[in-house]
Amino acid sequence: MDRRSFLKGIGVASLLAEGLVRRLFAREIPVVAVSRDKDYRRAAVRAVDLLGGMKRFVKPGDVVVIKPNMGWDRTPAQAANTHPLVVRGLAEEALRVGAKKVKVFDRTCNDERRCYVQSGIAAALSGLDRVELKFIENERFHPVAIKGGTLKSWELYGEALSADVFINVPVAKHHGLTRLSLGLKNVMGVMGGNRGSIHRHIGPALADINSVLKSHLTVIDATRVLTAHGPQGGDPADVKVLDTVVASADIVAADAYATTLFGLKPEEIEVTVAAYRRGLGEMNLRRVRVVRG
């Protein structure tokens, strides 16, 4: 029902203050926070602060999952994985506001033992109480029904589904199939089964997955971006240093903004368009408020 029909229908238009009508039909404008700092831990914390702080997302006693991309046997300088200091900063903030426990994991593509160490994330989280850096356990995948246009069900990781707060922390990078890998695609790290089988219809399939696995907060590491030969990369010549972290409660808006860092438009990324059409967020940056710090 549009505004005019609504007013005609209730017949009390003259009694309603214009301000009340506006509030009734107001749409919440997504906010995207953009933080630039050479100190990547500080950049991550500030990006979340610009959204209202970690306490907006994490309540005392919550179990928090932080899902970085650490799928590759690559060092931080090669930009295939989320920077360890971004992960460290978010884990510390979650603990500071009272998280009961913080779990960090990813279903890796290369050997997980090497990925966790080479990414620098194992060392970065060392010594933090109530933080668990966990290897994926196959028995923790469970089939989940999906009312999607492409997927009807899929095995997802139980600890991701059961968390009170799911913080999605991808690295922004080129991808040979999807052009870019950002927040919407990062959830592949909690998918079980044969993930490669969705490649033929990866946009709508990932929209389906994101419709059942909500990212309460998306923090995109664009401190260094892989501009070519992704997702694995390896050549430092493909890496561009931006010293930037992007954060939003709207995963589509976060991805849409991060796309512009590569000189691309959100409508050029199939996954973003599919998620927008699915109603998972806003991809039109004219309808997004960008705050910087």
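If you scan the range 147-157, which residues turn out to be over 20 Å from the mean Cα position of the chain (by Cα) and either modelled with pLDDT of 95 or more or of a type in the set (Asp, Glu) (or both)?
Once the filter is applied, which keeps residues that are over 20 Å from the mean Cα position of the chain (by Cα) and either modelled with pLDDT of 95 or more or of a type in the set (Asp, Glu) (or both), the range 147-157 yields 150, 151, 152, 153.
Based on this model, can you work out whether residue 112 counts as touching a Phe, Trp or Tyr at 6+ places or on another chain (Cβ under 6 Å), open to solvent by 30 Å² or more (accessible area, probe 1.4 Å) and of a type outside the set (Phe, Trp, Tyr)?
For residue 112, the condition - touching a Phe, Trp or Tyr at 6+ places or on another chain (Cβ under 6 Å), open to solvent by 30 Å² or more (accessible area, probe 1.4 Å) and of a type outside the set (Phe, Trp, Tyr) - is met.
Any idea which residue in the range 115-145 is most open to solvent (accessible area, probe 1.4 Å), counting only those that are in contact with a Pro (Cβ under 8 Å, 6 or more places away or on another chain) and not in a helix (DSSP H, G or I)?
Filtering first and then ranking leaves 120.
Check residue 106 against each of (1) without any contact (Cβ under 8 Å) to a residue 60 or more places away in the chain; (2) of a type in the set (D, E, K, R); (3) assigned to a loop (DSSP other than H, G, I, E, B) and name the one condition it does not meet.
Condition not satisfied by residue 106: (1).
Sort out which residues of the range 35-74 are farther than 24 Å from residue 233 by Cβ and open to solvent by less than 30 Å² (accessible area, probe 1.4 Å), and write them in order of number.
Matches in the range 35-74: 45, 48, 51, 53, 54, 57, 58, 62, 64, 65.
Is there a residue in the range 82-91 that is more than 16 Å from residue 58 (Cα to Cα), assigned to a loop (DSSP other than H, G, I, E, B) and open to solvent by 70 Å² or more (accessible area, probe 1.4 Å)?
Scanning the range 82-91, I find no residue that is more than 16 Å from residue 58 (Cα to Cα), assigned to a loop (DSSP other than H, G, I, E, B) and open to solvent by 70 Å² or more (accessible area, probe 1.4 Å), so the answer is no.
Any idea how many residues of the range 51-73 are under 23 Å from residue 171 (Cα atoms) and in a loop (DSSP other than H, G, I, E, B)?
Of the residues in that region, 10 qualify.
Just one of the numbered conditions (1) in contact with a His (Cβ under 7 Å, 6 or more places away or on another chain); (2) open to solvent by 10 Å² or more (accessible area, probe 1.4 Å); (3) of a type outside the set (D, E, K, R) is not true of residue 166; which one?
Only one criterion is unmet by residue 166, namely (2).
The values are calculated or read from the model by the stated rules, or taken from the named source; none is laboratory data. Everything numeric here is computed off the predicted structure, so don't read it as measured data. Every residue, glycine among them, receives a Cβ derived from its backbone with ideal geometry; neighbour counts consider all protein chains shown. Keep in mind that these areas ignore ligands, DNA and RNA; they rest on the heavy atoms of the full protein, side chains included. Shrake-Rupley method; radii C 1.70, N 1.55, O 1.52, S 1.80 Å.
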